[in-house]
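Notes follow once the structure below has been shown.
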């Protein structure tokens, strides 16, 4: 059995999350646990997406994205 240890007690805040539904509704969260709570309380999640956004990319305009996929997968 593998065990994991925490290296920091500080909150993890590198990302924010956007839930988008096919009917146009969107919800934005700073905490992944809130995303999970919201998403799994929904009756119908078909066609919905969760997008993970890097906060640093939006706070520092001089940052160049590390990878641009062009929609061709990983």
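Bear in mind these aren't lab numbers, they're just calculated from the coordinates by the rules spelled out. Remember, predicted model here, so these are calculated numbers, not experimental data.
Here the extension length gained between residue 2 and residue 32 equals 8.5 nm, from 0.36 nm per residue of separation less the Cα-Cα distance. Quick check: from the Cα gyration tensor, does the range 15-57 come out rounded (a/c under 1.5), prolate or oblate? Oblate, because a/c is 1.5 or more while a/b does not exceed b/c.
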